[in-house]
Each structure stands twice: as structure tokens, then as C-alpha cells.
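Working notes, beginning with the structure itself.
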């Protein structure tokens, strides 16, 4: 049996959802191999909404209070833990939100036995860049942890 694992991977020029990343100031990609079979939306929901309640509160607090992202209703089917679903298909889903500091996108793509989570951020000025510099280390820990947890929790 193959063990699932999450690892940071090289960022593609274009996201699996088709978005061009050329206008991004920051991009990261994490890949989960040998995942459970789910749609991209199910992966996004399991990853963000399936996190333990205290961690969900920290995520939403960081997104809204630190990054200033304008999120929607956390229980809406058109949102994933408040992130608006801006594009959804059989192989990928895109979540996007913006603030006066940053514009951020998360693209979750499923391709056979792998899930790729790509995050791109565009900074609005020096303050946005500085705030993201503080948030990025948390992002680098949170996404692989949550993606792996979502896989383990079935």
C-alpha cells in the first residue's frame, strides 16, 4: 500500500485551473500523492472546513483580521470556509478573496492519484508585502498539515 504524503512542489506557470500566475508576487504549490478519491471541491472543504474548530477560528481570524480578506458566509455552498468559489469544474476549484493589502487565490486540482494545492498572492503596496511576509511561514505549515489531515480523516 502506498503511503500518502504532502510535499512542496515546483509551481507551474499556469495553475491546474488555468489561471496565469504571471501577475502574482507570491506562489506556492503543495502536492498530495496517493490521496483518497474526492472532487476538488470536496478536497477544499475537507481541508479548510474539516480542520478542528480552534484551528478554523485561527485561520478565519488570520485571513480577516491580519490579511483583511473579505470573506463570505462560512456556511454558504458558494463559499469554502468563507472563501468565494470563483471557478469550479471536474478537475479544479478556485477560491479567491481580496483586501486592501492583498489579493489571494487558492486553486485545488485533482489529477488521478494526486491533489495539487496552489496559492497565489498579489500584494497591494509595501504593507501588503510586509503582512504576507509574516503570514507566509504559517501558510507553509498550515496547508500541508491540513491537506494531509483531510486525507487521513477520509
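The values are calculated or read from the model by the stated rules, or taken from the named source; none is laboratory data. These numbers come from a predicted model, not from an experiment. No Cβ is skipped: glycine too gets one built from the backbone with ideal geometry, and neighbour counts run over all protein chains shown.
Scan region 112-129 residue by residue and report those that are touching a strand residue (DSSP E or B) at 6+ places or on another chain (Cβ under 9 Å) and either exposed (fewer than 14 other Cβ atoms within 10 Å of the Cβ) or part of a loop (DSSP other than H, G, I, E, B) (or both). Working first, answer last.
Of the residues in region 112-129, the ones touching a strand residue (DSSP E or B) at 6+ places or on another chain (Cβ under 9 Å) are 113-124, 128-129.
Across region 112-129, the qualifying residues are 113, 124.
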Some residue of region 44-63 being in contact (Cβ under 8 Å) with a residue 60 or more places away in the chain, under 19 Å from residue 5 (Cβ atoms), over 11 Å from the mean Cα position of the chain (by Cα) and part of a helix (DSSP H, G or I): yes
I'd like to check something: does region 98-108 contain any residue that is within 20 Å of residue 37 (Cβ to Cβ), in contact (Cβ under 8 Å) with a residue 24 or more places away in the chain and in contact with a helix residue (DSSP H, G or I) (Cβ under 6 Å, 6 or more places away or on another chain)? yes
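Suppose we filter 133, 150 for residues that are out of contact with any strand residue (DSSP E or B) (no Cβ under 7 Å at 6 or more places or on another chain), within 19 Å of residue 25 (Cα to Cα) and in a helix (DSSP H, G or I); which single one remains?
Details: 150 fails: within 19 Å of residue 25 (Cα to Cα).
One residue alone meets the criteria, 133.
Taking residue 82 as the residue in question, decide whether it is modelled with pLDDT of 95 or more, surrounded by fewer than 17 Cβ atoms within 10 Å (Cβ to Cβ) and in contact with a helix residue (DSSP H, G or I) (Cβ under 7 Å, 6 or more places away or on another chain).
Working: modelled with pLDDT of 95 or more: yes; surrounded by fewer than 17 Cβ atoms within 10 Å (Cβ to Cβ): no; in contact with a helix residue (DSSP H, G or I) (Cβ under 7 Å, 6 or more places away or on another chain): yes.
Taking the combined requirement at face value, the residue does not satisfy it.
Yes or no, residue by residue, for (1) within 20 Å of residue 54 (Cα to Cα); (2) modelled with pLDDT under 95:
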residue: 69; (1), (2): yes, no
residue: 75; (1), (2): yes, yes
residue: 98; (1), (2): no, no
residue: 128; (1), (2): no, no
residue: 133; (1), (2): no, no
I'd like to know if region 68-77 contains one or more residues that are under 26 Å from residue 35 (Cα atoms) and outside any loop (DSSP other than H, G, I, E, B). no
